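Below is one structure, written out as structure tokens; the observations come after it.
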Amino acid sequence: QVQLAESGGGLVQSGGSLRLSCAASGNRLSINAMGWYRQAPGKQRELVATITTGASTNYADSVKGRFTISRDKNTVDLQMNSLKPEDTAVYYCHADRIILSTTFTYWGQGTQVTVSS
């Protein structure tokens, strides 16, 4: 069982910055990948950024050059710069745990990010 604790959401002006953080905890924890997804009003949940234990990263095209994902063991951060109103969404921490051939997926409660114009 894995629990994800998120922090860092809030209200910022366009062009501002926020840093989201997510810490994973649980018994005999072994997480292969962590990342962030977001869901804006009227839209489906979408990938923002992911990072593996090998430090391989992936970003959505819409955030490349503005967002940076980083990881220290079982904590993942998302530095968000040059924020735009279209970045407004609920951001969810995500973690994958692979045991043998089975992948277990975990989600945080979500944290609201609102960017005003």
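The values are calculated or read from the model by the stated rules, or taken from the named source; none is laboratory data. This is a predicted model, so every value here is computed, not measured. Note: accessible area is taken over every heavy atom of the protein model, side chains too, but ligands, DNA and RNA are not part of it. Shrake-Rupley method; radii C 1.70, N 1.55, O 1.52, S 1.80 Å.
Summary of computed values
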read-out: For the range 41-46, 3J(HN,Hα) per residue [Karplus equation, 6.51 cos²θ - 1.76 cosθ + 1.60, θ = phi - 60°, Hz, x = Gly/Pro]; value: x, x, 10, 7, 5, 10
read-out: Nearby lysines by direct alpha-carbon distance to Lys73 (threshold 29 angstrom, same-chain neighbours under 8 apart not counted); value: Lys64
read-out: Accessible surface ranking that places the most exposed of Glu6, Glu46 first, with a 1.4 angstrom probe; value: Glu46, Glu6
read-out: GNM top mover of Ile51, Ile98, Ile31 - the chain, alpha-carbon springs below 10 Å; value: Ile98
read-out: Surface share of carbon and sulfur [accessible, 1.4 angstrom probe, percent] for the chain; value: 45 percent
read-out: Choice from Arg66, Arg38, Arg19 showing the highest fluctuation, given a GNM over the chain with Cα pairs closer than 10 Å; value: Arg66
read-out: Proximal aspartates and glutamates to Lys43, defined as alpha-carbon separation beneath 13 angstrom and excluding residues fewer than eight positions away on the same chain; value: Glu86, Asp87
read-out: Average Cα contact separation per residue, the chain, under 8 Å, 6 or more apart, as relative contact order %; value: 35 percent
read-out: Accessible area per residue in Å² at 1.4 Å probe, computed on the chain; value: 56 Å²
read-out: Sequence of Thr103, Thr114 when ordered by accessible area, the most exposed leading, probe 1.4 angstrom; value: Thr103, Thr114
